[in-house]
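First the structure, in the form of structure tokens, and then the observations on it.
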Amino acid sequence: MTDASGSPALSAARRRRELDALASGGAVDLLVIGGGVTGAGVALDAAARGLRVVLVEAHDLAFGTSRWSSKLVHGGLRYLASGDVAVARESAIERHVLMTRTAPHLVRPLPQLLPLVPSVTARQAVITGTGFAVGDGLRLLARTPSATLPRPRRISRDQVLRLSPATRRDGLRGGLLAYDGQLVDDARLVVALARTAAAFGATILTRMRARSADATGAVLEDALGGGTLRLDARAVVNAAGVWAGEFDESIHLRPSRGTHIVLDAAALGDPTAALTVPHPGSVSRFVFALPQQLGRVVVGLTDEDAPGRVPDVPEPTEREIAFLLQTLSSALELPLERADVLGAFAGLRPLIDAGPGSTADISRRHHVAASPSGVVTVLGGKLTTYRAMAQQAVDLAVRRAGLDAGPSRTRALPLVGAPGSPVRIPTGTGADAALPVSLTARFGSEAGRVLASASCVDPAAPIAAGIDVTRAEIAFAVTDEGALDADDVLERRTRIGLVGADRDRAAAAVAELVAETLARAA
């Protein structure tokens, strides 16, 4: 059985070495197309079984849907409300795996607060409270301890205002409090998966577009000027998300757009709980105001049909932004205005076309099947269930290709940075207790090494005034996390780019430091 004896470091130099090795010929066991959470999960699952794996991504890790989520690790309550018991159960189990085994350093318990303001009807309160209780039953089913996810309860008016100071006071009747999981960042989970896969020997190639793929491999085109390469593979997994139809014509997708807006946490009184506000007249759909890193609150989520060409970067609409502001404001003391929006982003859900009807009603069950060409396609599902999706995709690929591989190991395999991870990393220097809390939240047990390994000037200094990202993190993104340019760092390794003004303040310093780090490693 393969161990994580290799380096988890992803860099431009490693990319060049591994691309040269592939050009020398020979088939690999598994080619994975797509560098989102599912593709990275497939690469890790297969590599940990001892298979020779290559993952190719046309852009960057977490370039597509995976970075545009609400960053929630859902327990499945919404799916239970729609009668999808299997998806609800799977979500609760996979949340348990993430929070207690594989990525506890990246996931924290998040209080979710339904304030009983006048706009929340008695029916909405009763049904939501019942839902919170049922959700706790899913927690028990998954055997997640209450020390990890506390049980739901009713709280007083004063407790509501301590958790969410901007909540409307007039007519406030207390609140309902429940807990779910929240990632410090969705893109950081993808990078951790890819780096852990690399430690098990997987080749991770970004800026590498797959063309004319079939069950025997694909033609790869290097966006960095390296030409094309035919890579032979014994099995191919299509994990391209909303672009999956490019490699499997039998798949008919109906993408839906989910939009979020970004607010300054100070504008909401620096809340410590996620404010949960029902859609007007609904008992099953909500707008969430979710506290985030970097002093931000992300508000979402919409569910809109997004027909037509799939863009590289989806754009929110003003109508969606207005809806989120209006719905959230119904629970606030002072209504929000368009000027309060610091940024906005949208992602596309890769939903399978189920015919007429709202995209909100389309099942979130994932799809794993072999296409007529023999390529194994995996799509749909949720970020929370990526691991189960990946396991099923690799199981199918192994069976169809007759690959010599053992069972999946990922259910009990901590990612790089997690306690007990098998990935060997150089030890950091300095007292971990003195490390910034934000650095530990983003890097776990690697936090000390991020600072200790940085060769840049003033590694502990912020990259720009008022932005809680150190210069060392910028360098580490290049030396260890596969960032190839400043956009990779701003948009996906640090998420500074979620707010345009922050991006403008940091862009020059990030570009300079990225260039210095790349030149030093060349």
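No lab work stands behind these numbers, since they all come straight from the coordinates. This one's a predicted model, so the numbers in the text were calculated from it and none came from an experiment. Positions of Cβ are generated from backbone atoms using ideal geometry, with glycine treated the same way; all protein chains shown enter the neighbour counts.
Explain nothing, just the number: relative contact order of segment 425-522, from Cα pairs under 8 Å at least 6 residues apart, as a whole percent. Walk me through the numbers on the way to the answer.
Values: 111 pairs, mean separation 20.9, N = 98.
Rounded, it is 21 percent for segment 425-522.
When the chain is fully extended, how far beyond the present Cα-Cα distance does residue 85 get from residue 7, taking 0.36 nm per residue of separation? Can you show the working numbers first?
On the way: separation 78, 0.36 × 78 = 28.08 nm, distance 4.02 nm.
Value of the extension gain: 24.1 nm.
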Would you pull out the residues with amide H under 5 Å of residue 416's amide H, same chain only if 5 or more places away, H placed 1.01 Å from N?
196
Relative to the compact globular guide of 2.2 N^0.38 Å, what is the alpha carbon radius of gyration of segment 98-138, as a ratio?
1.59
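So how much slack lies between residue 340 and residue 319, counting 0.36 nm per residue of separation and subtracting their Cα-Cα distance, in nm?
Numbers: separation 21, 0.36 × 21 = 7.56 nm, distance 1.56 nm.
Full extension of this stretch gives 6.0 nm more.
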Of 34, 22, 124, which is farthest towards the positive pole of segment 22-156's charge dipole, taken about the Cα centre with +1 and -1 on the beta-carbons of Lys, Arg and Asp, Glu respectively?
124
Simple SL model, points at 7 angstrom along Cα→Cβ for residue 27 and residue 458; separation in nm is 5.6 nm
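Given +1 on the Cβ of Lys and Arg, -1 on the Cβ of Asp and Glu, and no further charges, what dipole in debye does the chain carry about its Cα centre, rounded to the nearest 20? Could you put the intermediate results ahead of the total?
Working: 57 positive and 54 negative charges, 322 e Å.
Dipole of the chain, to the nearest 20 debye: 1540 debye.
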Could you tell me what a quarter of the Cα convex hull surface of segment 432-521 works out to, in nm² with one decimal place?
5.3 nm²
Is segment 1-136 rounded, prolate or oblate when judged by the Cα gyration tensor, a ≥ b ≥ c being the square roots of its eigenvalues, rounded requiring a/c under 1.5 and prolate requiring a/b larger than b/c?
prolate
For 105, 367, ascending order of other Cβ atoms within 10 Å (fewest first) is 367, 105
From the helices alone, meaning DSSP H stretches of at least four residues, give me the mean residue ellipticity at 222 nm for the chain, per-run term -39500 (n - 2.57), in deg cm²/dmol to the nearest 500.
-9000 deg cm²/dmol
Let me see the P(r) profile for segment 433-474: every Cα-Cα distance counted, bins of 5 Å, each bin given as a percent of all pairs.
6, 26, 35, 24, 8, 0
Between residue 312 and residue 173, what is the spin-label point distance in nm, taking each point 7 Å from the Cα along the Cα→C-beta axis?
5.1 nm
Quarter of the Cα convex hull surface for segment 69-108, i.e. its orientation-mean projected area (nm²)
2.9 nm²
Determine, for 261, 251, the number of other Cβ atoms within 10 Å of each Cβ, and report the residues in order from fewest to most.
251, 261
To the nearest Å, what is the center-to-center distance of segment 86-112 and segment 31-62, using C-alpha atoms only?
21 Å
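Please identify the helices of the chain, taking whole runs of DSSP H, that span at least 24 Å along their own axis as judged from the Cα atoms and have a mean Kyte-Doolittle score of -0.5 or higher. Mind dumping the intermediate values first?
Details: long enough: 122-141 (28 Å, 0.68); 500-521 (30 Å, 0.16).
Within the chain the helices that satisfy the rule are 122-141, 500-521.
Based on Cβ point charges of +1 for Lys and Arg and -1 for Asp and Glu, what charge dipole magnitude is obtained for segment 432-521 about its Cα centre, in debye rounded to the nearest 20?
So the dipole magnitude of segment 432-521 works out to roughly 100 debye.
Name the trypsin sites (Lys or Arg not before Pro) in segment 204-280 that are in a loop by DSSP and that have at most 16 other C-beta atoms within 10 Å, would you?
Details: sites: 207, 209, 211, 230, 234, 257; in loops: 207.
Passing both the DSSP loop test and the Cβ count: no residue.
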Stokes-Einstein at 4 °C, 1.567 mPa s, Kirkwood radius from Cα pairs: D for segment 91-159 in µm² s⁻¹?
96 µm²/s
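Once the Cα gyration tensor of segment 267-412 is diagonalised, what are the square roots of 5 times its eigenvalues, in whole Å and ordered largest first, as equivalent ellipsoid semi-axes? Don't skip to the end; give the middle numbers.
Values: eigenvalues 280, 72, 39 Å².
In descending order the semi-axes read 37, 19, 14 Å.
Could you work out how much longer the chain between residue 222 and residue 266 gets when fully extended? Use 0.36 nm per residue separation minus the Cα distance between them, nm to one decimal. Walk me through the numbers before you get to the answer.
Details: separation 44, 0.36 × 44 = 15.84 nm, distance 4.40 nm.
Net length gain for the segment: 11.4 nm.
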As a test, work out the antiparallel percent of DSSP beta bridges whose residues both lie in the chain, rounded to the nearest 5.
75 percent
